[in-house]
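S.K.: This is the structure, below, for whatever I ask next.
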Amino acid sequence: MQSTAAASVSASAIASAGGARSEAARRPGGLRVCGLRGEALARPSLRISQAPARLAVARATAAAATNGTVAGSGGFDYDLVIIGAGVGGHGAALHAVEEGLKTAIIEGDVVGGTCVNRGCVPSKALLAVSGRMRELHDEHHMKSLGLQVSSTGYDRQAVADHANNLASKIRSNLTNSMKALGVDILTGVGTIVGKQKVRYGKVGFPDKEITARNIIIATGSTPFVPKGIEIDGKTVFTSDHALKLESVPDWIAIVGSGYIGLEFSDVYTALGSEVTFVEALDQLMPGFDPEIAKLAQRVLINPRKIDYHTGVFASKITPAKDGKPVLIELIDAKTKEHKETLEVDAALIATGRAPFTKGLGLENINVVTQRGFVPVDERMRVMDADGNVVPNLYCIGDANGKLMLAHAASAQGISVVEQISGRDHILNHLSIPAACFTHPEISMVGLTEPQAREKADKEGFEVSVVKTSFKANTKALAENEGDGIAKLIYRSDTGEILGVHILGLHAADLIHEASNAIALGTRVQDIKFAVHAHPTLSEVLDELFKAAKLQPREVPDSKPSQPPQPLLKVLSFITALLSSPKRDQQR
């Protein structure tokens, strides 16, 4: 009896809320653009009225799923099955439930994926420690603030526990949020066995097969280890091992100077290690805007116990054993000739990440990966070997290689659910920000200056660049953190924002004003009138946008505009009335 009542309430709630969603989809405000929901552009009253409807759908679906009364539409077990419960899969699952879809997520390891368990979450815990240590060790900085610190130290195991505890907490939060909304969490390795069919299971247990109207692949990535490098997890290791912080070596080589390598150099040097970068390209931080990379090297590399070798490959790395150090053989990146051999205490391999797509059963649906990545179109729809869209199959996140960032995976997942729900949506990847959480931080969105100039040459427009300094910001000076700049790349003819790059205090938080401006298509001439609280770091961007100069617009020659004809008739009548002889007599 209780189940029947629950089903009745759920059905009515879904029907009621569904009507609200249909009405919202018909109105112009329902249009999705630039990676953001169209409701953000609608009138506040409409946004508020839609919120209870969406909440009713989520609650009704969760309640009905708990009682086992909801089935996927069209005879399928589920409306949506997601393979992979990382940040991307989690974001897609929550949005799917919000849209009233019966959803399951398959995870063969632990909820949270790389980001939560072996990536961005635990690394931020280590970086929080390195930031405090770096500040306490800076005697000049502390004295300038009137503070005295007699001695500093750290407990390595306590630091490692902080990172592990944070990962556990976030993992628990993600799991509970999905369970609370009625997402079925299925444990095992997922394999696509045919059109809209998935098999999953664990070793030692029988496999189960389920059907789904739509399937999302969200299996993420693993650390990429080049050939010739032997990983032992103790003296030669990847970021997966480094986050456990089982040791703090006196001298560590970091192979790769991208986001991962830079962040770990910040951690290790703060904890007392000496660092040597090994970079295959001719400059450090090759993925950053060159001007920002040059300044970052001056702030983050040169003053610290860091040296580097550029233009070289680590052709062979042998772990330490029998009292011998780690051996790193370096060869010239162009000539492949041997240059030298490094002897260090440890080596961190930070050469990027590789998609985790083996065992997905893609061959069953005629899909061939490209360097391991699942080929997709701009709507994240999977493409088969013949270049055709595979119906009802999508791939998001690191597995498709479009933009290997956790929040990009989540945005792609939400975009896919929008399409499944009947609203076309294309995510603007140029509006997705990225950040490197060093001290100070680096952040960016859009194009670098060389990329913008290449685009300008092809399309025939001029690129303009303006910069502002953190040294002119009151809040930064109050913190005694004046090192840093913000850089705006834009079109001076239209005011279009092409890219923004920041190096400085809390750069990772500041970038979102710029990323949202790009997402919403806001131009320089509009955003420069935005008001920022004083004194705040946000004024760095305020000054940046105000510094942008636009090309003067040509005003076409035109005759003075005449009043409309009806108004002229009224004016003529009034004039005639005021000048009539009868009116003069009345006076």
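S.K.: Can you tell which of G188, G204 is open to solvent by less than 40 Å² (accessible area, probe 1.4 Å) and modelled with pLDDT under 95?
M.R.: G188
S.K.: Let me ask something else. Given the criteria surrounded by fewer than 23 Cβ atoms within 10 Å (Cβ to Cβ) and under 21 Å from C120 (Cα atoms), does L271 qualify?
M.R.: Taking the combined requirement at face value, the residue satisfies it.
S.K.: When region 462-496 is examined, which residues are found to be aliphatic (A, V, I, L, M) and open to solvent by 10 Å² or more (accessible area, probe 1.4 Å)?
M.R.: V463, V465, V466, A472, L477, A478, I485, listed by residue number.
S.K.: For L427, which of the numbered conditions (1) within 30 Å of H137 (Cβ to Cβ); (2) within 14 Å of the chain's Cα centre (by Cα) fails to hold?
M.R.: The single condition L427 does not satisfy is (1).
S.K.: On to the next question. In this structure, does I518 turn out to be open to solvent by 10 Å² or more (accessible area, probe 1.4 Å), within 25 Å of P286 (Cα to Cα) and either out of contact with any Pro (no Cβ under 9 Å at 6 or more places or on another chain) or assigned to a helix (DSSP H, G or I) (or both)?
M.R.: yes
S.K.: Any idea how many residues of region 240-265 are part of a helix (DSSP H, G or I), touching a Phe, Trp or Tyr at 6+ places or on another chain (Cβ under 8 Å) and open to solvent by 10 Å² or more (accessible area, probe 1.4 Å)?
M.R.: Residues that pass the stated criteria total 1.
S.K.: So, one more: Which members of region 119-147 meet the condition of being open to solvent by 70 Å² or more (accessible area, probe 1.4 Å) and touching an Asp or Glu at 6+ places or on another chain (Cβ under 9 Å)?
M.R.: If the condition is that a residue be open to solvent by 70 Å² or more (accessible area, probe 1.4 Å) and touching an Asp or Glu at 6+ places or on another chain (Cβ under 9 Å), then L145 is the only one that fits.
S.K.: Something else now. What is the residue count in region 386-414 for residues that are in contact with a Phe, Trp or Tyr (Cβ under 9 Å, 6 or more places away or on another chain) and not in a loop (DSSP other than H, G, I, E, B)?
M.R.: The total comes to 5.
S.K.: Let me ask you something else. Does at least one position in region 138-157 carry a residue that is of a type in the set (A, V, I, L, M), at pLDDT 95 or above and outside any helix (DSSP H, G or I)?
M.R.: No - not one qualifying residue is present in region 138-157.
S.K.: A further question on this structure: Can you name every residue in region 484-508 that is touching a helix residue (DSSP H, G or I) at 6+ places or on another chain (Cβ under 7 Å) and either among the β-branched types (V, I, T) or at pLDDT below 95 (or both)?
M.R.: Selection gives I485, I489, I497, V500, I502.
S.K.: Moving on. Would you please list the contacts, defined by Cβ atoms under 7 Å and residues six or more apart or on different chains, that run from a residue in region 451-476 that is outside any helix (DSSP H, G or I) to a residue that is aliphatic (A, V, I, L, M) and surrounded by fewer than 19 Cβ atoms within 10 Å (Cβ to Cβ)?
M.R.: Note: pairs meeting the criteria are E462/A456; V463/A456; V466/A547; T468/A547.
S.K.: Identify, by number, the condition in (1) assigned to a helix (DSSP H, G or I); (2) more than 23 Å from L550 (Cα to Cα) that P535 doesn't meet.
M.R.: The one condition P535 does not meet is (1).
S.K.: Looking for something over 30 Å from I414 (Cβ atoms), in a loop (DSSP other than H, G, I, E, B) and without any contact (Cβ under 8 Å) to a residue 40 or more places away in the chain - is there at least one such residue anywhere in region 266-277?
M.R.: Checking region 266-277: at least one residue is over 30 Å from I414 (Cβ atoms), in a loop (DSSP other than H, G, I, E, B) and without any contact (Cβ under 8 Å) to a residue 40 or more places away in the chain.
S.K.: OK, next. For region 441-486, which residues satisfy the criterion of being over 25 Å from G261 (Cα atoms) and among the charged types (D, E, K, R)?
M.R.: R453, E454, K455, D457, K458, E459, E462, K467, K471, K475, E479 - these are the residues of region 441-486 that are over 25 Å from G261 (Cα atoms) and among the charged types (D, E, K, R).
S.K.: Filter region 477-512 down to the residues that are part of a strand (DSSP E or B) and of a type in the set (A, V, I, L, M, F, W, C) and list them by number.
M.R.: I485, A486, L488, I489, I497, L498, V500, I502, L503
S.K.: Could you please give the count of residues in region 348-373 that are outside any strand (DSSP E or B), of a type in the set (A, V, I, L, M, F, W, C), open to solvent by less than 30 Å² (accessible area, probe 1.4 Å) and within 30 Å of K244 (Cβ to Cβ)?
M.R.: Looking only at that region, the number is 2.
The values are calculated or read from the model by the stated rules, or taken from the named source; none is laboratory data. These figures come from a predicted structure and were not determined experimentally. Note that each Cβ is placed from the backbone with ideal geometry, even for glycine, and that neighbours are counted across all protein chains shown. Note: accessible area is taken over every heavy atom of the protein model, side chains too, but ligands, DNA and RNA are not part of it. Shrake-Rupley method; radii C 1.70, N 1.55, O 1.52, S 1.80 Å.
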